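Let me begin by presenting the structure, written as structure tokens, before commenting on it.
The values are calculated or read from the model by the stated rules, or taken from the named source; none is laboratory data. Just so it is clear, the structure is predicted and the values come from calculations on it, not from any experiment. Neighbour counts are summed over all protein chains in view; Cβ atoms, including those assigned to glycine, are modelled from backbone coordinates with ideal geometry. Each accessible area value is taken on the protein alone, full model and side chains, heavy atoms only, with ligands, DNA and RNA left out. Shrake-Rupley method; radii C 1.70, N 1.55, O 1.52, S 1.80 Å.
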Amino acid sequence: MSQTRADVAVVGGGILGLAHAYHAAKSGRRVVLFERSPRAMGASIRNFGMVWPMGQPAGRMHQMAMTSRAHWLDVIAAARLPHYPTGSLHVVYREDEATVAQEFAALAPAQGFDVTWLSAEQVLARSPAVAPEGLLGGLWSPTEVVVDPRVTIATLPGFLAERFGVTLRFNTAVTSIELPRVRAGGETWEVDTVYVCSGDDFQTLYPGLFATSGITRCKLQMLRTAAQPNGWQLGPSLAAGLTLRFYSSFGLCPSLPRLKARIAAETPEYDEWGIHVLVSQTADGAITLGDTHEYGLAVDIFDKPALDDLVLRYLATFARFPDPAIVERWHGVYAKHPDQPYCRFTPAPGVEVITAPGGSGMTLSFGLAAETLAR
């Protein structure tokens, strides 16, 4: 069994692990990154690729998201990652939705959000995809950025190795951490610090910690079109009225409870399955759509076509594309705590577990990692 030395070991090759490897290596530490699969295959490649500060609640979490966004832009430039810095539009078609959106536009700038209420005509001028029938207006934010998750997660390990000398160990599961020794595959590494970013793997490392943490799993169903013809561009990423009752940032709005009550009464199936609909575009021009939310430690491996139908039914009320045919369907699973925006544990001196950023891993990853290194 070979033995090697590094300053920092990172467990997990998803975006949270990559962000920790980036910050650690950039600070001058020798880093080894372990990923149990031949390539990252979890939630980090199964999402919209949205860096979405607008969804984070005002205060510390929104500030962390903005810090993360700044690091993202540095990494995007350095690694030459395809991306869409096109902002976001939340479009509304009901009066109670318009009221919440206008309240947010009035209250949120004082909390650090860069957001503006747009008329229907202004919305349509920004997006070729928004359905004009019944449109009342929308919230515009220039802050949101979209990366292609599949391209990004495949590219960043090589970038980290080439630019910062990060040692990569893919297809290598870490099975034991007893500092200074980390055992993985046929190797034993001596390290000073370990960052465990292992997603929804609750059994391999520190299972007792996870069992008492309150962390659960969330399964989401996703869809994707083919690349849109003739270079058609979506423009801003899109959301609509259902999203106003999903992200905690909109808790600023006094009329939000009335909107939530109306949605629950009219379309309880959307609440039952945690459905709101987001739209983003990938590097090759395809449109990513979703999503749904099923919570519980035991994830149903069988997807529910009826939930995809609910997503597409709602999508049709606010967005259209030149080629709407769905060519890919999949599900992702991420770790989530019911009360906390993310979780940090120190199961042993020198070992930190960073997990459960919920559905905000792409948004928060580089900000969370910066916080870890600052600690």
Q.
Quick check on my filter: what residues within the range 224-265 are more than 21 Å from R46 (Cβ to Cβ) and among the basic types (K, R)?
A. R245, R258, K260, R262
Q: Check every one of the strands (runs of 3 or more DSSP E) wholly within the range 1-117 and list those with 1 or more residues that are open to solvent by less than 20 Å² (accessible area, probe 1.4 Å) and under 24 Å from V353 (Cα atoms).
A: 8-11, 31-35
Q: Would you point out which residue out of E95, E162, E103 is of a type in the set (D, E) and without any contact (Cβ under 8 Å) to a residue 12 or more places away in the chain?
A: E162
(Q) For the range 306-352, which positions are touching a residue at least 40 places away in the same chain (Cβ under 8 Å), aromatic (F, W, Y) and crowded, with 18+ Cβ neighbours inside 10 Å? (A) Y314, F318, F321, Y334
Q.
Whether any residue in the range 287-297 is closer than 16 Å to G49 by Cα, in contact with a Lys or Arg (Cβ under 9 Å, 6 or more places away or on another chain) and open to solvent by 30 Å² or more (accessible area, probe 1.4 Å) is what I want to check.
A. no
Q. Only one of these conditions is not met by A283: (1) open to solvent by 10 Å² or more (accessible area, probe 1.4 Å); (2) modelled with pLDDT of 95 or more; (3) hydrophobic (A, V, I, L, M, F, W, C). Which number is it?
A. (2)
Q. Applying the selection to the range 340-375, what residues are of a type in the set (D, E, K, R) and modelled with pLDDT under 95?
A. R375
Q) In the range 243-255, how many residues are open to solvent by less than 10 Å² (accessible area, probe 1.4 Å) and of a type outside the set (F, W, Y)? A) 5
Q | Exclusive hit being farther than 30 Å from L18 by Cβ and over 23 Å from the mean Cα position of the chain (by Cα), set R94, R169, R183 | A | R94
Q) Can you list the helices (runs of 4 or more DSSP H) found entirely within the range 118-234 that contain at least 3 residues being within 24 Å of G290 (Cα to Cα) and open to solvent by less than 50 Å² (accessible area, probe 1.4 Å)? A) 149-164
